[in-house]
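Report on the following structure.
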């Protein structure tokens, strides 16, 4: 089972000459497997109580979370990690056990796959952050990709401050996510599926590279 517990917020404004983010947290996604409960990203401190309440609505408590997968290490994606004291924290090429304080770092990144649930694919999507990764989970013949900050509707549409300066690496990662996914859960904004998926995918393949001077 997969469920978005918190939809990512990123409300932009300008205040007294400054760029300001008024409401700010990453999405938090729960994946429940037969033998493991997984959170992808944990959001900001401002959303801690809402996150715990959302888990309780699913019959879960912080002690019941077995894994935390972080797409990257910006504060809006990791601030509630330590709430889940029984969880193993999985990052780009390491596993940190919050309970024992031990961290296993794998020089061969492929080795990480041997230590995480087989239902999960953790794949590299650099661009927003060097060690950014996305998570693929398949359920009922549907590929869900939790994409962190590599896919955002406002950036694809060319809206707001963050839409400037997209690199070729960033663009290649956006395309990879759309190739793998049927449904995209972004770090900020609404779930991308159905007609919205098709619309944004068309922009990514056509208008987006032209606007940013990228190779399609």
Within the bounds of segment 37-57, is there any residue that is over 22 Å from residue 142 (Cα atoms), surrounded by fewer than 17 Cβ atoms within 10 Å (Cβ to Cβ), in contact with a strand residue (DSSP E or B) (Cβ under 6 Å, 6 or more places away or on another chain) and touching a residue at least 24 places away in the same chain (Cβ under 8 Å)?
no
Residue among 90, 177 that alone is out of contact with any helix residue (DSSP H, G or I) (no Cβ under 8 Å at 6 or more places or on another chain), closer than 30 Å to residue 35 by Cα and either touching a residue at least 40 places away in the same chain (Cβ under 8 Å) or buried (at least 19 other Cβ atoms within 10 Å of the Cβ) (or both):
177
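Before we move on, is residue 126 out of contact with any helix residue (DSSP H, G or I) (no Cβ under 6 Å at 6 or more places or on another chain), in contact (Cβ under 8 Å) with a residue 40 or more places away in the chain and under 24 Å from residue 44 (Cα atoms)? Step through it out loud before you land on a result.
Working: out of contact with any helix residue (DSSP H, G or I) (no Cβ under 6 Å at 6 or more places or on another chain): no; in contact (Cβ under 8 Å) with a residue 40 or more places away in the chain: yes; under 24 Å from residue 44 (Cα atoms): yes.
No; evaluated as a whole, the condition is false for this residue.
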I'd like to check something: does segment 165-174 contain any residue that is at pLDDT 95 or above and part of a loop (DSSP other than H, G, I, E, B)?
no
Hey, any hits in segment 61-72 for a residue that's exposed (fewer than 15 other Cβ atoms within 10 Å of the Cβ) and at pLDDT below 95?
no
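The values are calculated or read from the model by the stated rules, or taken from the named source; none is laboratory data. Here the structure is a predicted model, which is why all the values come from computation and not from measurement. Glycine also receives a Cβ, built like all others from the backbone with ideal geometry; neighbour counts cover every protein chain displayed.
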